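Participant: Please see the structure below; I have some questions.
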Ligand SMILES: [Zn+2]
Ligand SMILES: [Zn+2]
C-alpha cells in the first residue's frame, strides 16, 4: 500500500500568512549568511539541513488521505480541501475523458472532511463513476446539503458524474473485502456526532486512519480489556490536535492531545505514529515545539519503539 497525505490541518483551512512567510524567509536567509553559502550548488544541501519548521510548512489544507493498494487502485479517505489537488491529479488520467472510477470513504461529515468535494473536478465530467463508502445512512443527503442554494452555484445531484453509495455497516463486525487481498474495517470513535476509524489490511501490513477522536487514559484502559482494533498497526495516522493543557480545557470537543496520542501508540504496539489534524491556531513553530515535546514524552515513558512523525502535506508512506 502507498499512503499519501493531501490535507493535515484540522477544523478549517489555514494557509501560511504573509507574516509567517516573511519570518521564515528572514530566518532562512540569516542561517544562509551564517553558513556562508556562496554558490547555487550549495543550496540543496543547505535546505536539507534546515529544521522542519523552516524547511517547509506543515500544511493548510483540511483532511484528505489517499491509499493506493498494491493493484494500483486508489481510495480517498475524506474530502477536506486537500481533495482538490487529488482531483487535479486524477484529471491528468482517465477522469478527464469521463472514464474514471473513484472510491471515496468518509470518517464523518463535519465540514473540514467534506468541504473540498465541490472543488473536486472529476465530479463535473460525465462518465466518471464515484463510489462513496460511508458508515452513515444519510451520506448522500449530507453531500447534497453542502452544495445547495444559496451556498454553492451548482447542486451536487446536478453534477453529471455517476454516484453510487455503499453503506459500511459497523454492526456487521466483518471487514469489507475491496479487492482479493485488501480488507477494510471501521471502528466508532469518541467525537461530537461520531466519527469512524478505518483500518486497511493488505499483504500482512496494517494502516489505520483515526482522525477526529478524543482518546483518554480511561478509553485506552477500557480498550485493552477487549480485542483491540488498533493493535500492531504498521502505520497509525492519529488525531493529535491539542497540547495536553488545551485538551484539559476542551474536554468533549472530540480531539486528542499529542501526549495522549503517544500513549495510544505505545500501548498498541504501533510501528509508526503520524500525528495529524493540526490545530488551525497553531503556527509551524508551535507544531514543531509540540512535536519535540511528544518525542520527549515518548522518551520519558521508556521502552517506546514507535517511530513518531508530524503529518506534513505531501508525505508518502510505503507499506
Ligand atoms: Zn476534523
Ligand atoms: Zn469532526
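Participant: Looking only at residues in segment 168-214 that are more than 21 Å from residue 232 (Cα to Cα) and part of a strand (DSSP E or B), which one is nearest to ligand 1 (Cβ to nearest atom)?
Facilitator: That would be 195.
Participant: While we're here: Between residues in segment 292-319 that are free of Cβ contacts under 8 Å to residues at least 24 places away in the same chain and residues that are buried (at least 20 other Cβ atoms within 10 Å of the Cβ), which pairs lie under 7 Å by C-beta distance while being six or more apart or on different chains?
Facilitator: 295/308
Participant: Given the structure, is residue 123 away from ligand 2 (no atom under 16 Å from the Cβ) and within 22 Å of residue 237 (Cα to Cα)? I'd like the intermediate steps shown before the answer.
Facilitator: On the way: away from ligand 2 (no atom under 16 Å from the Cβ): yes; within 22 Å of residue 237 (Cα to Cα): no.
No, not satisfied.
Participant: May I ask you to verify whether residue 103 is in contact (Cβ under 8 Å) with a residue 40 or more places away in the chain, more than 16 Å from ligand 1 (Cβ to nearest atom) and farther than 19 Å from residue 310 by Cβ?
Facilitator: So residue 103 passes the test.
Participant: Among the residues of segment 101-122, is any more than 23 Å from the chain's Cα centre (by Cα), over 20 Å from residue 12 (Cα atoms), surrounded by fewer than 20 Cβ atoms within 10 Å (Cβ to Cβ) and assigned by TED's automatic domain parsing to the domain that holds residue 229?
Facilitator: No, that holds for no residue.
Participant: Next question, about the same structure. If we scan segment 224-233, do we find a residue that is touching a helix residue (DSSP H, G or I) at 6+ places or on another chain (Cβ under 9 Å) and within 16 Å of ligand 2 (Cβ to nearest atom)?
Facilitator: No, there is no match, as no residue in segment 224-233 is touching a helix residue (DSSP H, G or I) at 6+ places or on another chain (Cβ under 9 Å) and within 16 Å of ligand 2 (Cβ to nearest atom).
Participant: Sticking with this one: If you check residue 132 against the conditions, is it surrounded by fewer than 19 Cβ atoms within 10 Å (Cβ to Cβ) and in a strand (DSSP E or B)?
Facilitator: no
Participant: Which one is farthest from residue 51 (Cα to Cα) among residues in segment 1-34 that are touching a residue at least 12 places away in the same chain (Cβ under 8 Å), assigned to a loop (DSSP other than H, G, I, E, B) and more than 16 Å from ligand 2 (Cβ to nearest atom)?
Facilitator: Among those that are touching a residue at least 12 places away in the same chain (Cβ under 8 Å), assigned to a loop (DSSP other than H, G, I, E, B) and more than 16 Å from ligand 2 (Cβ to nearest atom), it is 1.
Participant: Among strands (runs of 3 or more DSSP E) lying entirely in segment 228-319, which contain 3 or more residues that are at pLDDT 95 or above and closer than 14 Å to residue 211 by Cβ?
Facilitator: The qualifying strands (runs of 3 or more DSSP E) are 235-239, 272-276.
Participant: Let me ask something additional. Counting only residues that are in contact with a helix residue (DSSP H, G or I) (Cβ under 7 Å, 6 or more places away or on another chain) and either over 25 Å from residue 11 (Cβ atoms) or without any contact (Cβ under 8 Å) to a residue 24 or more places away in the chain (or both), which one in segment 248-273 is surrounded by the most Cβ atoms within 10 Å (Cβ to Cβ)?
Facilitator: Looking at residues that are in contact with a helix residue (DSSP H, G or I) (Cβ under 7 Å, 6 or more places away or on another chain) and either over 25 Å from residue 11 (Cβ atoms) or without any contact (Cβ under 8 Å) to a residue 24 or more places away in the chain (or both), I get 257.
Participant: Check residue 154 against each of (1) surrounded by 15 or more Cβ atoms within 10 Å (Cβ to Cβ); (2) assigned to a loop (DSSP other than H, G, I, E, B) and name the one condition it does not meet.
Facilitator: (1)
Participant: Among 68, 97, which is surrounded by fewer than 16 Cβ atoms within 10 Å (Cβ to Cβ), in contact (Cβ under 8 Å) with a residue 12 or more places away in the chain, away from ligand 1 (no atom under 15 Å from the Cβ) and within 15 Å of the chain's Cα centre (by Cα)?
Facilitator: On the way: 97 fails: within 15 Å of the chain's Cα centre (by Cα).
That would be 68, the only listed residue that is surrounded by fewer than 16 Cβ atoms within 10 Å (Cβ to Cβ), in contact (Cβ under 8 Å) with a residue 12 or more places away in the chain, away from ligand 1 (no atom under 15 Å from the Cβ) and within 15 Å of the chain's Cα centre (by Cα).
Participant: I've got another one for you. Answer yes or no as to whether residue 78 is in contact with a strand residue (DSSP E or B) (Cβ under 9 Å, 6 or more places away or on another chain), farther than 30 Å from residue 29 by Cα and within 16 Å of ligand 1 (Cβ to nearest atom).
Facilitator: Spelling it out, residue 78 is indeed in contact with a strand residue (DSSP E or B) (Cβ under 9 Å, 6 or more places away or on another chain), farther than 30 Å from residue 29 by Cα and within 16 Å of ligand 1 (Cβ to nearest atom).
Participant: Could I ask something else about it? Among the residues of segment 215-240, write down those that are within 16 Å of ligand 1 (Cβ to nearest atom), in contact with a strand residue (DSSP E or B) (Cβ under 7 Å, 6 or more places away or on another chain) and touching a residue at least 40 places away in the same chain (Cβ under 8 Å).
Facilitator: Correct list: 237, 239, 240.
Participant: If I ask for residues that are exposed (fewer than 10 other Cβ atoms within 10 Å of the Cβ) and under 27 Å from the mean Cα position of the chain (by Cα), which ones from segment 28-48 would you list?
Facilitator: The one that is exposed (fewer than 10 other Cβ atoms within 10 Å of the Cβ) and under 27 Å from the mean Cα position of the chain (by Cα): 48.
The values are calculated or read from the model by the stated rules, or taken from the named source; none is laboratory data. Because the structure is predicted, anything quoted here is derived from the model rather than measured. For neighbour counting, all protein chains shown are included, and Cβ atoms are generated from backbone atoms with ideal geometry for every residue, glycine included.
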